[in-house]
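Asks: Can you read through this structure? Questions will come right after.
The values are calculated or read from the model by the stated rules, or taken from the named source; none is laboratory data. Worth saying up front: this structure is predicted, and the values here are computed from it rather than measured. Heads up, the Cβs are rebuilt from the backbone with ideal geometry, glycines too, and the neighbour counts pull from every protein chain shown. The protein model used for the area step is the full one, side chains on, heavy atoms only, and it has no ligands, DNA or RNA in it. Shrake-Rupley method; radii C 1.70, N 1.55, O 1.52, S 1.80 Å.
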Amino acid sequence: MTGVVQFGVGRVTRFYVPLLLQAFSQSLTYPLVAGIVTHGEHGVNALTAFSQGQMIMFMIGAFGIGLVTTGMVFARTWYGYVSFRRLNSLMMAVLLALQCVPVIAPFNRWIFEGFFALPPELAETARWTLLLGAAMQAGFFLRNVPMVVLFNNYESGKANLATFARIAVTLASSAIFPRLGWVGAYWGLLALTIGVFVELGITWFYARPFVAVLPNRPGDPAAPGLPEVKILSLTWEQFRFTLPLSCGGFLLMLSPLVIAAFVGRSANAADMLAIHYVTLGVANPVSFAALRMQAVAIQFPPEYEGDRRLLHYAVMAGLLLGLIPLCFSLPVIGDWYFGVFQNVPPRILGTARLAIGIYSLICVIHAVRGRIEGIAAWRKCPRAVMAGQISYTACLFCVCALLLPLGCPGWTIAVSAIYLAPVGTTLAVYASLRMAARPRLPSGRHR
């Protein structure tokens, strides 16, 4: 059934926990292939070029970040599904073509040798990583369709199983490839790509039965036939819904560059950047897990005016997720992770543990933010989400621009910006929803 399911803590938790685990697990695949990449011809330097090529790929792919949300809102009938599938294919084709532009001369030299200042041999590695990465990018886009079908049918657990299969394949490749002498950036990219297509195949396998029973499917006597022009109209409507979300996703991808630009100009910049990056390695996965509350809010929208049960749930989930970075602030865990595993110098080890301890409450902010963004998407107000994401980037810039001239340490600039930016996002979405016309819900408590 694709209808709205009534709120219940157990139901919400069964839907949310797989999304939470998926957010954690997806961040594991990229470090797994580092051993393949760094054992190649250019050693550890190849990982820098590999990462630069992938960073451009992900920035381009961020323009499609709103497609899953769009599908969860629109692809609940056969014609909505067909229109979404068409939109997904069109955006994939355009963005894959755009991904190939930076590898063409002279853009490749301007970007990799100029902007990133890579030597020619590493610039060539980054260039080919970006070009060959088009296959993996296509896999991500194709995965959107079955993923949306599973989410709309409250089967986030099956989507999670597919992600775990992707991790298992990537982990096996990272162990087998070096033994076979398959090392270097291209083999690392192949390991990632194989994992993505295994995940795609499994999600399609799980999603096919649900696609077969979508309402209004052709052949159903009760299904009205839609002319091609109507399907095109539905596709255009979905594109207009997706566009603000996608532009906002691109802005979010730029935010780490904004912070790094300011932190890199603070006193003891090298140490400050080190603290910033090693703590984000812990804070980002839990923040992404908290943000998955957006999908929960779409599947469990308010059932009556003033329904704040999911808001309370989001706060509690954020507090529980915050225990993870809090644990890394403890000497026993933090000294090992930052000092031994991440090789953080002893002089900044205490500061790194302090920073990650402060990050323990960021999950609450992101969970609340995800909840209101999901409600905005459910109400078909993508401009509200876009306003929030513009506010996110603007807050980052303003906080950094204010604190840097005051002589604040670089790590406090980063922490302050990362805290205040999602607060600005949440307030902007709330304000936009208040200004927009919104459907009235039946008053009274849900029985």
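Asks: If you take the beta carbon distance between VAL332 and LEU420 as r and set R0 to 30 Å, what does 1/(1 + (r/R0)^6) give as a FRET efficiency, to the nearest 0.05?
Replies: That gives a FRET efficiency of 0.45.
Asks: With all protein chains present, how much of the accessible area of the chain (probe radius 1.4 Å) comes from carbon and sulfur, to the nearest whole percent? Intermediate results must be reported in sequence, preceding the final value.
Replies: Values: 13810 of 20060 Å².
Its accessible area is 69 percent carbon and sulfur atoms.
Asks: Here is a further query. Skipping prolines and chain starts, which residues have an amide H placed within reach, meaning under 5 Å, of the one on VAL344, given they are 5 or more residues away or on another chain?
Replies: Placed amide hydrogens put GLY339 under 5 Å from VAL344.
Asks: As a check on your grasp of the helix formula, calculate [θ] at 222 nm for the chain: sum -39500 (n - 2.57) over DSSP H runs of n ≥ 4, divide by the residue count, round to the nearest 500.
Replies: Result for the chain: -24500 deg cm²/dmol, rounded to the nearest 500.
Asks: With the contact rule set at Cα under 8 Å and sequence spacing of 6 or more, what percent relative contact order holds for the chain?
Replies: 20 percent
Asks: Take the alpha-carbon centre of segment 123-175, take the same for segment 47-105, and report the distance between them in whole Å.
Replies: If we compute the Cα centre of each part, the gap is 13 Å.
Asks: Say R0 is 22 Å: what FRET efficiency, to the nearest 0.05, do SER89 and VAL213 get from their beta-carbon distance?
Replies: The pair SER89/VAL213 has a calculated efficiency of 0.45.
Asks: Under a 1.4 Å probe, what is the accessible area of the chain per residue, stated in Å²?
Replies: Heavy-atom accessible area per residue stands at 45 Å².
Asks: How far is it, in nm, from the label point at MET435 to the one at SER233 when both lie 7 Å from their Cα along the line to the Cβ?
Replies: 2.9 nm
Asks: Work out, step by step, the length gained on full extension between LEU361 and GLU124: first 0.36 nm times the residue separation, then minus their alpha carbon distance; give nm to one decimal.
Replies: Values: separation 237, 0.36 × 237 = 85.32 nm, distance 4.20 nm.
Answer, rounded to one decimal: 81.1 nm.
Asks: Here's another thing I want to ask about it. Could you check which residue among GLU124, GLU41, GLU373 shows the biggest mean-square fluctuation in a GNM of the chain with a 10 Å Cα cutoff?
Replies: Checking each option, the largest mean-square fluctuation is seen for GLU41.
Asks: Determine, for each peptide in 66-76, 197-207, the mean count of other beta carbons within 10 angstrom over its residues, then list the peptides with the highest first. Present the calculation step by step, with values, prior to reporting the outcome.
Replies: Working: 66-76: 24.5, 197-207: 19.9.
Peptide ranking by packing, descending: 66-76, 197-207.
Asks: If packing is taken as the average count of other Cβ atoms within 10 Å, what order do 139-148, 418-427 fall into, highest mean first?
Replies: 139-148, 418-427
Asks: What is the extension gain from PHE24 to ILE176, computed as 0.36 nm multiplied by their sequence separation minus the C-alpha to C-alpha distance, in nm to one decimal?
Replies: Stretched out fully, the PHE24 to ILE176 stretch lengthens by 52.3 nm.
Asks: If R0 is 41 Å, what FRET efficiency do you get for ALA135 and ASP307 from their C-beta distance, rounded to 0.05?
Replies: 0.40
Asks: Could you work out how much longer the chain between VAL9 and ARG265 gets when fully extended? Use 0.36 nm per residue separation minus the Cα distance between them, nm to one decimal.
Replies: Full-extension gain reported as 87.5 nm.
Asks: In what sequence, highest mean first, do 159-165, 103-109, 185-191 appear when ranked by Cβ atoms within 10 angstrom?
Replies: 185-191, 159-165, 103-109
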